[in-house]
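To keep things clear, I will list the structure first and then write my remarks on it.
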There are 4 protein chains.
Amino acid sequence: MLDDVLAKVYADIAPHIGEGRVANYIPALARIDPSKFGMAIATVDGELHVIGDAHEPFSIQSVSKVFTLTLALGRVGEGLWKRVGREPSGTPFNSIIQLENERGIPRNPFINAGAIVVADVLLSGHQPKETLGEILQFVRQIADDDEIAIDRDVARSEQETGFRNAALANYMHAFSNIENPVEKTLGVYFHQCALSMSCAQLAKAGLFLANGGRLAGRGPSVVSAERARRINALMLTCGHYDASGDFAFRVGLPGKSGVGGGILVSVPGKASVAVWSPGLNENGNSATGTRALESFARHTGWSIFG
Amino acid sequence: MLDDVLAKVYADIAPHIGEGRVANYIPALARIDPSKFGMAIATVDGELHVIGDAHEPFSIQSVSKVFTLTLALGRVGEGLWKRVGREPSGTPFNSIIQLENERGIPRNPFINAGAIVVADVLLSGHQPKETLGEILQFVRQIADDDEIAIDRDVARSEQETGFRNAALANYMHAFSNIENPVEKTLGVYFHQCALSMSCAQLAKAGLFLANGGRLAGRGPSVVSAERARRINALMLTCGHYDASGDFAFRVGLPGKSGVGGGILVSVPGKASVAVWSPGLNENGNSATGTRALESFARHTGWSIFG
Amino acid sequence: MLDDVLAKVYADIAPHIGEGRVANYIPALARIDPSKFGMAIATVDGELHVIGDAHEPFSIQSVSKVFTLTLALGRVGEGLWKRVGREPSGTPFNSIIQLENERGIPRNPFINAGAIVVADVLLSGHQPKETLGEILQFVRQIADDDEIAIDRDVARSEQETGFRNAALANYMHAFSNIENPVEKTLGVYFHQCALSMSCAQLAKAGLFLANGGRLAGRGPSVVSAERARRINALMLTCGHYDASGDFAFRVGLPGKSGVGGGILVSVPGKASVAVWSPGLNENGNSATGTRALESFARHTGWSIFG
Amino acid sequence: MLDDVLAKVYADIAPHIGEGRVANYIPALARIDPSKFGMAIATVDGELHVIGDAHEPFSIQSVSKVFTLTLALGRVGEGLWKRVGREPSGTPFNSIIQLENERGIPRNPFINAGAIVVADVLLSGHQPKETLGEILQFVRQIADDDEIAIDRDVARSEQETGFRNAALANYMHAFSNIENPVEKTLGVYFHQCALSMSCAQLAKAGLFLANGGRLAGRGPSVVSAERARRINALMLTCGHYDASGDFAFRVGLPGKSGVGGGILVSVPGKASVAVWSPGLNENGNSATGTRALESFARHTGWSIFG
């Protein structure tokens, strides 16, 4: 049945493949073929359904923030919320205005500033290499796939052009909300964003969020059921930057997007869905990817809102 | 079983009754007894479970915005979204800054500016009395209770002190986003906020949101299932002003709060819950009411996030 | 010699007459002939030099704020500064953002919000008619011209379209910084802005600012020398809204502009200058009027900065 | 006569010596004796009048922005204004909000962001050492004093703690408004702020602003008379951050303050005045220094406003 759904979704979005603008702030992203489209569904029963370019790795970018948040909560628990808020920001993903108004505390862990704080939490007491090793190992483990890697070219490009992120990190350091040297924290952040994963890998890696914190079936727990619920809640309210309300309205499922054109969605109790289409809409989220998820929600009737 | 839940919730919150600060910007609200507490659950099977002061009417204030939004969508359909957005605001309920930055388009229908636009939509082509009659009739019908009334004293007090709301309305009029005379639109708005309802009435009135758009059981449809889902989505992302993210994180259910201390919550597929406790927390939401809903979510395990 | 200067200025600006956009938010302003240009210089010795349409009355609009500020300082003295600041705003003339950030205290008496507070100060203890009578009498006296009048058509139009000003007034009332009924305060404000004066009248009326607070020569004092200096300081830092810095840089003299295309400039110790050209630049100040004053400053060598 | 004035000023401010809070963000500033007070007047006739600790060097900090602006205008002329504005900011000296709203163009050359752009202009085509050498040589020349030096301890401390300035520089680099490597531009900026000068040296160095661009008397020109006027205009509208309006209102003279407690004031046609008192008021300007200048303006009757 889910294969049928994927086929229907594909039929719906086919005329729209290639729409939107591919991110072009670094060459490694700018040269991606805009006609790529992949989608994968990992169910709580352990099934995997795919369509299109679902096995081709792409730069997951901000989708990685879900995984680093999970790790950071494991590391410092709810104390994390002293350093980062849980509210939608009402401003673009890279805005610095809110930081000045709220004295260096980012509004949530999914805007850039918040994810940089999360990276800083993971770095404390470690070297960047160790922290990146831990992130990579975690993602490989939850995706059950040791092939997952960080794209060093992308990371290097990000580092060379990431002046707004450097501004955010320095600004928060001035308010003592970055504890490690700015360049080390940014090093972790730029490398985590350069994680390269396919839709299939991403859907599997995100399954614990839909499955009460566990890997597929009755498998081992990644986090508690309560923590999985709470991460879903954050994805719903903050996962699409200043278009989170619109995504909740149109798709009705918790999701986290990345500027590489990927979106990870959680359907509690049922499945984890990953979609990839590089062209972005005006809010910086995958244009055709969002459309595919809207179609998916309609064909399955899946929604957390009824 | 739900009676047991209510008893457990009551035991949890009993030590906290009276906490928070009662709204005091108008005398009619300031003199409310802060030790009031009521809670009601209306299930999709048509059952009603109550505890405490669940049959005592209180001023529902901004909870009314859910009902006027439902009516306005029925009147103008999705065209409403040309005049009001669907994104969390990142600012307090009565902020005017966002309106200047976004040229008179309020961020969502649940902040004051957005609800004033919704009132303006309902007023167009009518006199305020007719519009208020329509609102009242709608609420009585979905709550199946003709006793529900508007508290004229509260409405008059609001009108006399509502200068920030008058500023919002005039400001939007300057951008042609209020179409009727400002004082008429505000008249509708202040009166809708003065609706007086008990927890029991409120839970019944909100049931259609949890029940696929229908009154209890297989009863008549108030709205389509899709519209009910979408209103739930808006409640989740925007229903608690600038604490919506926190409410989603802690309670995990769509809800709309009012400054009178009431909160209406929707549990899709299961029930509608109303709680009332007049003391407010620093975000202007019921302090003990929020605590009760958190306890309720824990005891039932109900959450839209897994 | 000043006649020569006026001739040179006129030659400089002649190719630019008609540039800019005439204010069109009310019909009475929109129908003004954009090719009008007048200029008048009233010297501290009592001479008057004019060129062009210097005897044709126009709507002085915000230039009136200099006169009402003078009156209000006479009424309540330096206590005025509890209700209005003395800093440039960094925002447009009709912005409301600053009011929210600074709890209803306008940044200075020359932005709209500040001038509305000044009108409210003048109104206290009086009826609008009396206050307007007092303003009119004051302007007639300092201009030594009983012909000066308020244009009722302009005032009525302003009142019908002044929703942003109504927003400002209501907003400040919410913070108790408007003490009279909003509509009365706005009535005074809209009528003062509708004062109709020629360049010749305006230059004479403003002379006390250049002449140590006195009417021409050793005439009677309107205000103390210190107060005249301080009003000049406010004109320099705040008299051209968010282009005040640029005007100080280019012209180097204290000035106050109005949306009717008039500008009043003070040359301490020497003269008062009024210019009128209806077309406005992107900051809402007279385009050719500003150019004329720049030329005037160059030809006279007059500047307060050396 | 100016010696008498200085004596009267000293008598006026004596009871207030030590008021305000000494800047404590770096140890080198925090340990300054708060009871220091010095004042110097350099007249256009070449006289020097001093009182108190007028020959003791202190960290001139932001007063240096006047000198680097002068140099940058000499280097690139009016083209500078493509990269930095000329308007008061309406926000604190280190605010980043305005930069986001105005796409990386600082409002004026005297807020930190603007001065960093000015430093970047001076650095282009040079190494930091060369640029600092040029700045130092310029200041020594206009002050006619080769003893003037940069305090390396202060510069190093600034560099170690200057995260907000690093945020500003990175942010502007993202908008291509910083052209050199951020750390080099900041290196120049932090060192220029660490210039150590006495009131006597500072008054002499600033004299060209009061003297039509020339050193004392009919000496050689530093800048044209017009440029001197324009720098004075910028000092008046922007020289005291978000208290510039207040300084213009109370003192009535163009001035530039620094967080080290120094203020440089220009009296066009007459003199240059420098004052030093380390305790700062809530706006970050010297508390007793401002008071001394107010007293000075009163006793001399000197004001650019009449």
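The values are calculated or read from the model by the stated rules, or taken from the named source; none is laboratory data. No experiment lies behind these values; they were computed from the predicted model shown. Virtual Cβ from ideal backbone geometry, glycine too; neighbours counted across all protein chains shown. For accessibility, only protein heavy atoms count, side chains too; no ligands or nucleic acids. Shrake-Rupley method; radii C 1.70, N 1.55, O 1.52, S 1.80 Å.
For the stretch B:54-94, the tally of residues that are open to solvent by less than 50 Å² (accessible area, probe 1.4 Å) and either of a type in the set (D, E, K, R) or in a strand (DSSP E or B) (or both) stands at 6. Against the condition touching a residue at least 12 places away in the same chain (Cβ under 8 Å), within 14 Å of chain D (Cβ to nearest Cβ) and either closer than 29 Å to residue D:176 by Cβ or in contact with a helix residue (DSSP H, G or I) (Cβ under 8 Å, 6 or more places away or on another chain) (or both), how does residue A:116 come out, does it pass? Yes: the conditions hold for residue A:116. Restricted to the stretch C:36-53, and to residues there that are among the small types (Gly, Ala, Ser) and crowded, with 21+ Cβ neighbours inside 10 Å, the residue that is nearest to residue C:142 (Cα to Cα) is C:42. Residue D:42 falls short on exactly one of the conditions (1) touching a Lys or Arg at 6+ places or on another chain (Cβ under 6 Å); (2) away from chain C (no Cβ under 14 Å); (3) without any contact (Cβ under 8 Å) to a residue 40 or more places away in the chain; (4) not polar (S, T, N, Q), and that condition is (3). Just one of the listed residues (D:159, D:137, D:201, D:141) is among the polar types (S, T, N, Q) and under 15 Å from the mean Cα position of the chain (by Cα), and it is D:201.
The set of residues in the stretch C:6-30 being surrounded by 16 or more Cβ atoms within 10 Å (Cβ to Cβ) and closer than 30 Å to residue C:190 by Cβ consists of C:17, C:18, C:19, C:20, C:22, C:23, C:26, C:28, C:29. Among B:119, B:167, which is the only one that is under 20 Å from residue B:66 (Cβ atoms) and open to solvent by less than 10 Å² (accessible area, probe 1.4 Å)? After applying the criteria, what remains is B:119.
Pairs are defined by a Cβ separation below 7 Å, a sequence spacing of at least 6 or placement on different chains, a first member in the stretch A:221-236 that is in the same structural domain as residue A:252 (by TED's automatic domain parsing), and a second member that is among the aliphatic types (A, V, I, L, M) and surrounded by fewer than 23 Cβ atoms within 10 Å (Cβ to Cβ); the pairs so defined are A:222/A:142; A:222/A:215; A:227/A:73. When the stretch A:162-191 is filtered for residues that are over 16 Å from residue A:124 (Cα atoms), of a type in the set (S, T, N, Q) and more than 8 Å from every other protein chain (Cβ to nearest Cβ), only A:165 remains.
Here the stretch A:290-306 is the region considered, the condition is being open to solvent by 20 Å² or more (accessible area, probe 1.4 Å) and under 16 Å from residue A:15 (Cβ atoms), and the residue that is nearest to the other protein chains (Cβ to nearest Cβ) is A:294.
Here's the yes/no breakdown for (1) of a type in the set (Gly, Ala, Ser); (2) under 27 Å from residue B:77 (Cα atoms); (3) at pLDDT below 95; (4) in contact with an Asp or Glu (Cβ under 6 Å, 6 or more places away or on another chain):
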{"position": "B:233", "(1), (2), (3), (4)": "yes, yes, no, no"}
{"position": "B:238", "(1), (2), (3), (4)": "no, yes, no, no"}
{"position": "B:251", "(1), (2), (3), (4)": "no, no, no, yes"}
{"position": "B:261", "(1), (2), (3), (4)": "yes, no, no, no"}
{"position": "B:267", "(1), (2), (3), (4)": "no, yes, no, no"}
{"position": "B:272", "(1), (2), (3), (4)": "yes, yes, no, no"}
{"position": "B:285", "(1), (2), (3), (4)": "no, no, no, no"}
{"position": "B:292", "(1), (2), (3), (4)": "yes, no, no, no"}
{"position": "B:302", "(1), (2), (3), (4)": "no, no, no, no"}
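Residues of the stretch D:260-289 that are open to solvent by less than 10 Å² (accessible area, probe 1.4 Å) and within 14 Å of chain C (Cβ to nearest Cβ): D:265, D:266, D:267, D:271, D:272, D:285.
Being in a loop (DSSP other than H, G, I, E, B) and charged (D, E, K, R) is the filter here, so list the residues in the stretch D:250-289 that pass it.
The answer is D:270, D:282.
Taking the criterion of being assigned to a helix (DSSP H, G or I) and of a type in the set (Lys, Arg), the only residue of the stretch C:1-35 that qualifies is C:8.
Scanning the stretch D:170-227 for residues that are surrounded by fewer than 21 Cβ atoms within 10 Å (Cβ to Cβ), hydroxyl-bearing (Ser, Thr, Tyr) and part of a loop (DSSP other than H, G, I, E, B) yields D:176, D:224. Within the stretch C:175-214, the set of residues being of a type in the set (Ser, Thr, Tyr) and in contact with a strand residue (DSSP E or B) (Cβ under 8 Å, 6 or more places away or on another chain) comprises C:196, C:198. If you filter the stretch A:192-235 down to residues that are over 17 Å from residue A:255 (Cα atoms) and of a type in the set (Gly, Ala, Ser), you find that the one that is farthest from the other protein chains (Cβ to nearest Cβ) is A:196.
Cβ-Cβ distances below 7 Å connect the following pairs, each with a first residue in the stretch A:88-111 that is at positive phi, a second residue that is open to solvent by less than 30 Å² (accessible area, probe 1.4 Å) and among the aliphatic types (A, V, I, L, M), and a separation of six or more residues or different chains: A:104/A:172.
Would you pick out the residues in the stretch C:128-164 that are within 20 Å of residue C:93 (Cβ to Cβ), open to solvent by 30 Å² or more (accessible area, probe 1.4 Å) and not hydrophobic (A, V, I, L, M, F, W, C)? Scanning the stretch C:128-164 gives C:159, C:160, C:161, C:164. If only residues of the stretch C:81-94 that are within 12 Å of another protein chain (Cβ to nearest Cβ) and of a type outside the set (S, T, N, Q) are counted, the one that is nearest to residue B:98 (Cα to Cα) is C:92. Across the stretch D:236-252, the qualifying residues are those that are in contact with a Pro (Cβ under 8 Å, 6 or more places away or on another chain) and open to solvent by less than 10 Å² (accessible area, probe 1.4 Å), and the one among them that is farthest from the other protein chains (Cβ to nearest Cβ) is D:239.
What residue, of A:3, A:33, is of a type in the set (D, E, K, R), open to solvent by 60 Å² or more (accessible area, probe 1.4 Å) and within 17 Å of residue A:258 (Cα to Cα)?
So the residue among A:3, A:33 that is of a type in the set (D, E, K, R), open to solvent by 60 Å² or more (accessible area, probe 1.4 Å) and within 17 Å of residue A:258 (Cα to Cα) is A:33.
With respect to (1) farther than 27 Å from residue B:3 by Cα; (2) in a helix (DSSP H, G or I), the lone exception for residue B:247 is condition (1). Restricting to the stretch A:95-106, and then to whatever is open to solvent by 30 Å² or more (accessible area, probe 1.4 Å) and assigned to a loop (DSSP other than H, G, I, E, B), can you tell me which residue is farthest from the other protein chains (Cβ to nearest Cβ)? The selected residue is A:105.
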